[in-house]
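Readers should treat all values here as calculations from the given coordinates under stated rules, not as data from a laboratory. Note that the structure is a prediction, hence the values are computed from the model and not measured.
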Amino acid sequence: MGEDDFIYWQDILDAIEGGKSTSGLKCPFCYEGNILVTKKERGTLVQCDRPKCGHYIEGRFRSEDVADG
Ligand SMILES: [Zn+2]
């Protein structure tokens, strides 16, 4: 995962950070996959639900993620 990927995910990360639903958002790479958001022990995993796409980003995108650690 590089800086470039982060730019692609930005709109989705903004929605997550703002506590909005991502149900209406599509994967910024394949434009078909839905976005899965999984709370991890330290941070949040955001991924495309299409296995053949497989793009994901993991980090602390939400205020509660930052507060955890
Ligand atoms: Zn995708």
Under the Kirkwood approximation for Rh and a Cα-based Rg, what ratio Rg/Rh is obtained for the chain? 0.94
So what is the 222 nm mean residue ellipticity for the chain from helices alone, if each DSSP H run of at least 4 adds -39500 (n - 2.57) and you divide by all residues, rounding to the nearest 500 deg cm²/dmol? -9000 deg cm²/dmol
Give the cross-link partners of LYS39 among the lysines, using a straight C-alpha distance below 17 Å as the criterion and excluding same-chain residues fewer than 8 apart. LYS20
So how tilted is helix 3-17 from the main axis of the chain? Cα-based, degrees 0 to 90, rounded to 10. 60
Within straight cross-link reach of LYS26, meaning Cα distance under 17 Å, which lysines are found once same-chain residues fewer than 8 apart are removed? LYS52
